[in-house]
1. Can you pull out every residue in segment 202-221 that is touching a helix residue (DSSP H, G or I) at 6+ places or on another chain (Cβ under 9 Å), surrounded by fewer than 20 Cβ atoms within 10 Å (Cβ to Cβ) and not acidic (Asp, Glu)?
2. Count, please, the residues in segment 165-183 that happen to be surrounded by fewer than 24 Cβ atoms within 10 Å (Cβ to Cβ) and more than 17 Å from the chain's Cα centre (by Cα).
3. Here are the criteria: (1) assigned to a loop (DSSP other than H, G, I, E, B); (2) in contact (Cβ under 8 Å) with a residue 40 or more places away in the chain; (3) surrounded by 15 or more Cβ atoms within 10 Å (Cβ to Cβ). Tell me which single one LEU93 does not satisfy.
4. Out of (1) open to solvent by 40 Å² or more (accessible area, probe 1.4 Å); (2) within 29 Å of LEU261 (Cα to Cα); (3) touching a residue at least 40 places away in the same chain (Cβ under 8 Å), the odd one out for HIS364 is which?
5. How many residues are in contact with a Gly (Cβ under 9 Å, 6 or more places away or on another chain), of a type in the set (A, V, I, L, M) and closer than 20 Å to ASP108 by Cα when one looks only at segment 118-164?
6. What's the number of the only condition in (1) more than 15 Å from GLY163 (Cβ to Cβ); (2) free of Cβ contacts under 8 Å to residues at least 60 places away in the same chain; (3) open to solvent by less than 30 Å² (accessible area, probe 1.4 Å) that VAL318 fails to meet?
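The values are calculated or read from the model by the stated rules, or taken from the named source; none is laboratory data. Quick caveat, the model's predicted, so the values are computed rather than measured. Backbone-built Cβ (ideal geometry, glycine too); neighbour counts: all protein chains shown. Heads up: the accessible areas ignore ligands, DNA and RNA and are worked out on the full protein's heavy atoms, side chains in. Shrake-Rupley method; radii C 1.70, N 1.55, O 1.52, S 1.80 Å.
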Amino acid sequence: MSTFKHNKPTHRLSTEIVHSKPVSASGFSSQPVPVYRGSSTFFENTAAQRAPVNPIGLDYSYGLHGNPTQYTLAKKLAEIEGATHALVCPSGLTGIALVAQACLKTGDHWLIPENVYGPVQALARNLQTAYGVEFSEYDPCDLASLTTAIQANTKLVWTEAPGSLTFEVPDLQAIVTFAKAHGARAGIDNTWAAGIAYKPFERGFDFSVQALTKYQCGHADVLMGAVLSNNTKAFADVERKNRILGLGVSPADCDLVLRGLLTLPLRYRQQAESGLIVAKALKQHPAIARVLHPEFPECPGHEFYKRDFTGFASIFSVVLKPEFTDEQACKIIDGLKLFKIAYSWGGPESLGLVVNIPDSRRRHLAGEDGRCGPILRLAIGLEEPVDLIADLIQALDVIT
């Protein structure tokens, strides 16, 4: 039971309720960071209210722009990935859009890989159509294509590793070196590595973007992203763009991601190990032509993966043999009992999808006859691998 000293009110009831002071937090200590809610941030005086905003400082001016819960999350993310600066934003795609809009203006040009996350291609097309920002695509496994695609007005070279859906691993060090040699900033979507298995700032990247929706959250109940950087000027440009666009995140959601960080390394490693067990089992099934996983030597860029990465994610794809149809691929996914049909990964439940990629990318997966079968993407959760394998086998056996 708590005992409080009651002072005689000096104002009427409604005023007293609004202006009553909270109890002191002195003497209280616990692991969770408090959830600091609030739209109006109180200034000590007019001079503080009128002070210019530091674009990379921990300024408290308005709830939209930051609070201690949000800044604590950003600080922890920066520590995990080895960054100097970090901001959190509504999604991973938001983070990529912030970097693009901070680095590029009308008449500028950026390079994106052919195997990039699909919405990034849509973003590039929109910036070109609406704002006159040019873009070109390059083959991340063929550095000569960078030389062909680079232009005098290229300001940003983007990459992701491994490639979305097909999991090729590019020579990231060569891409960074190339970008710097041409005066362009270099950025990476580092979601797959979760800031753990690859350290982009040790290699000279200007930006790293992650979808915290995935492993950092870990429970499939938050949408959030982050932009991290060691380039102070570049990060300040992103932070200014973030404020101009009025982007903010919920402190309650930040709290959930902070909770997820406590078990991030454990979950990342466990799900990765489970995923590799499942991937190895699927290589033996007669309906499977290829399993696309960077741990396997036949994966394009395997040597770069072994050189640069200290771990791997629990998501991979399988290519069915070319005699199977898209309808049969859908039947496999629909026949799964434990896998849910959904986007994303990194949560507790395993997910599966039939994916489509352009013919220009499909040709890299073709067999000796030049054909490529349907592709299934699988994200392994926290279930037991033996149960997931049994579920996949029963669904695959239906079409064989």
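1. Quick first cut of segment 202-221, residues touching a helix residue (DSSP H, G or I) at 6+ places or on another chain (Cβ under 9 Å) only: 203-219, 221.
In the following step, the residues that additionally are surrounded by fewer than 20 Cβ atoms within 10 Å (Cβ to Cβ) were identified as 203-204, 219, 221.
ARG203, GLY204, HIS219, listed by residue number.
2. Number of matching residues: 10.
3. For LEU93, the failing item is (1).
4. Evaluating HIS364 over (1) open to solvent by 40 Å² or more (accessible area, probe 1.4 Å); (2) within 29 Å of LEU261 (Cα to Cα); (3) touching a residue at least 40 places away in the same chain (Cβ under 8 Å) leaves (2) as the failure.
5. 3
6. Looking at each condition in turn, VAL318 falls short on (2).
This table checks each residue for (1) assigned to a loop (DSSP other than H, G, I, E, B); (2) charged (D, E, K, R).
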position	(1), (2)
ALA144	no, no
GLN151	yes, no
LYS155	no, yes
THR159	no, no
THR166	yes, no
ALA174	no, no
PHE178	no, no
ALA197	yes, no
PHE205	yes, no
